[in-house]
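The structure under discussion appears below in the form of structure tokens.
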Amino acid sequence: MKRVDCIKCENTSCIFKNSHSSKWLENSHYQNGQHIFIEDMSVTGLYVVQKGIIQEFYTDKNGIKKIRHTANNGEIFGHKDYSATKHAFSAIAIEDSQICLLKKNTLYQVCKNNSELSLKLMNFFVAELNKSDNTHKHNFYNLDKI
């Protein structure tokens, strides 16, 4: 796959699409089966799938792979660890993928000057918290029925 700048990117669902210059993002190709990051690796920023499919997962105490999140074209991943110093999950390309990395320090600077992007990110994180709350609530009610 060739590199595509944000301005020319075909992903209309990416919240960063019209919010920045591609000068402050890193874009990399990952082959099917290649790790983007692994558990306990330092968190450097947010990732966006430009093209491809990524799975975030962890391995439980029995050695079973547990998928936590799947990201497709235009979707953010790595966000569950964003405020941490180390990743709690691993991420792997499950098909050849083009990934954009938005480094933390650069994203902070851009958000200071771009209220529209800041609002989009805030709404994204709130939506993710709501999903997490609903999952935990559902699991809690299922435990009640046992």
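The set of residues from region 56-91 being free of Cβ contacts under 8 Å to residues at least 60 places away in the same chain, within 24 Å of residue 6 (Cβ to Cβ) and not basic (Lys, Arg) comprises 56, 69, 70, 71, 72, 77, 78, 79, 81, 82, 91. Can you confirm whether residue 76 is under 12 Å from residue 100 (Cβ atoms), modelled with pLDDT of 95 or more and hydrophobic (A, V, I, L, M, F, W, C)? No; evaluated as a whole, the condition is false for this residue.
The residues listed here are 126, 110; of these, the one that is touching a Leu at 6+ places or on another chain (Cβ under 9 Å) and either aliphatic (A, V, I, L, M) or at pLDDT 85 or above (or both) is 110. Being in a loop (DSSP other than H, G, I, E, B), at pLDDT below 80 and not hydrophobic (A, V, I, L, M, F, W, C): is that true of residue 132 here? Judged against the criteria, residue 132 is not a match.
Scanning region 25-34 for residues that are at pLDDT below 75, of a type outside the set (A, V, I, L, M) and within 13 Å of residue 102 (Cα to Cα) turns up nothing.
Against the test of being more than 19 Å from residue 120 (Cα to Cα) and at pLDDT below 75, the options 43, 4 yield a single qualifying residue, 4.
Residues in region 118-129 that are of a type outside the set (A, V, I, L, M) and either over 27 Å from residue 65 (Cβ atoms) or assigned to a loop (DSSP other than H, G, I, E, B) (or both): 118, 120, 123.
The values are calculated or read from the model by the stated rules, or taken from the named source; none is laboratory data. Everything numeric in this text was worked out from a predicted model, so none of it was measured. All Cβ positions, glycine included, derive from the backbone under ideal geometry; neighbour counts span all protein chains shown.
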